[in-house]
Amino acid sequence: MKRHESLRELSQEHHLGLVEARALRRAAAAEPQAAAAAARRFLSFSERALTSHFRTEEEVLLPYWSRHVPADDPLLARTLVEHVRLRRAALEIGGQLDRGEDVRGELGRAGELLHDHIRFEERELFPAVEQALDEAELLAIAARRSGDGPRCAAGAPPPRSPA
Ligand SMILES: [Fe+2]
C-alpha cells in the first residue's frame with residue numbers, strides 16, 4: 001500500500017511490530033523457558049519501540065485526526081483503547097515473569113492483539129488519516145518524528161486548524 005511519506009516511518013515500524021507479533025504467537029506454543037526468553041524480548045521491544053511509536057500516534061497523529069472527526073470517532077477510540085490494552089499486556093507479562101509464572105497464554109493474546117491492531121491501523125486508520133489531513137498536518141507528523149515539531153507548547157505553533 002502506498003503511504004504518504006509522512007506516515008512511512010510509522011508504517012515501517014508497523015512492519016517490525018508484525019514480526020514481533022509473529023514471534024509472540026510462536027512463543028505461546030514453545031517450551032516455558034523459550035517463552036520466557038521471548039517475553040523478555042517483547043518487554044525490551046515494548047520499551048524501545050512501542051513507547052515512542054505510540055507517543056507519536058497519541059500526541060501528534062490522533063490530535064490532528066481529531067480535528068476532522070467527532071470526539072467519539074470509532075477509529076480514534078479503537079486506536080487508544082488498543083494502545084492501552086497493549087501496554088497492559090506488557091504489564092501483565094512483566095508481572096508474570098517477575099513471579100516466575102507461565103507467560104505463554106499472555107504472550108499468545110499479546111501477539112494476536114498486536115497483529116490485529118497493526119492491521120487495523122494500516123488498513124483503516126492510516127488511509128482515513130491520509131484522506132482527511134492536509135499537507136501541513138501530515139508534514140507535522142513527520143517533523144515530530146525527526147524532532148522538529150510540532151511545537152505546541154513552545155516555539156513555532158502547529159499548522160492552523162482547518163475548522
Ligand atoms: Fe501504530
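Of the helices (runs of 4 or more DSSP H) lying entirely inside the range 1-119, those carrying at least 3 residues that are touching an Asp or Glu at 6+ places or on another chain (Cβ under 8 Å) and of a type outside the set (S, T, N, Q) are 8-27, 32-45, 74-98. Evaluate the following for Leu86: is it in contact (Cβ under 8 Å) with a residue 24 or more places away in the chain, within 16 Å of the ligand (Cβ to nearest atom), within 19 Å of Phe126 (Cβ to Cβ) and in contact with a helix residue (DSSP H, G or I) (Cβ under 7 Å, 6 or more places away or on another chain)? Against the criterion (in contact (Cβ under 8 Å) with a residue 24 or more places away in the chain, within 16 Å of the ligand (Cβ to nearest atom), within 19 Å of Phe126 (Cβ to Cβ) and in contact with a helix residue (DSSP H, G or I) (Cβ under 7 Å, 6 or more places away or on another chain)), Leu86 qualifies.
When residues in the range 93-124 are screened for being of a type in the set (A, V, I, L, M, F, W, C) and surrounded by fewer than 20 Cβ atoms within 10 Å (Cβ to Cβ), 3 of them pass. Within the range 120-138, can you find the residues that are touching a residue at least 40 places away in the same chain (Cβ under 8 Å), part of a loop (DSSP other than H, G, I, E, B) and more than 16 Å from the ligand (Cβ to nearest atom)? Within the range 120-138, none qualify.
Looking across the range 1-31, the residues that are loosely packed, with under 13 Cβ neighbours inside 10 Å and of a type outside the set (Gly, Ala, Ser) come down to Met1, Lys2, Glu5, Gln12, His15, Val19, Glu31.
Residue by residue, here is whether (1) over 10 Å from the mean Cα position of the chain (by Cα); (2) surrounded by 13 or more Cβ atoms within 10 Å (Cβ to Cβ); (3) not β-branched (Val, Ile, Thr) holds:
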site: Ala35; (1), (2), (3): yes, yes, yes
site: Ala38; (1), (2), (3): yes, yes, yes
site: Phe42; (1), (2), (3): yes, yes, yes
site: Arg48; (1), (2), (3): yes, no, yes
site: Glu58; (1), (2), (3): no, yes, yes
site: Leu62; (1), (2), (3): yes, yes, yes
site: Trp65; (1), (2), (3): yes, yes, yes
site: Val69; (1), (2), (3): yes, yes, no
site: Asp72; (1), (2), (3): yes, no, yes
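Computed from the coordinates by the stated procedures, all read-outs in this text should not be read as laboratory data. Please read these numbers as outputs of a predicted model, since none were measured by experiment. Positions of Cβ are generated from backbone atoms using ideal geometry, with glycine treated the same way; all protein chains shown enter the neighbour counts.
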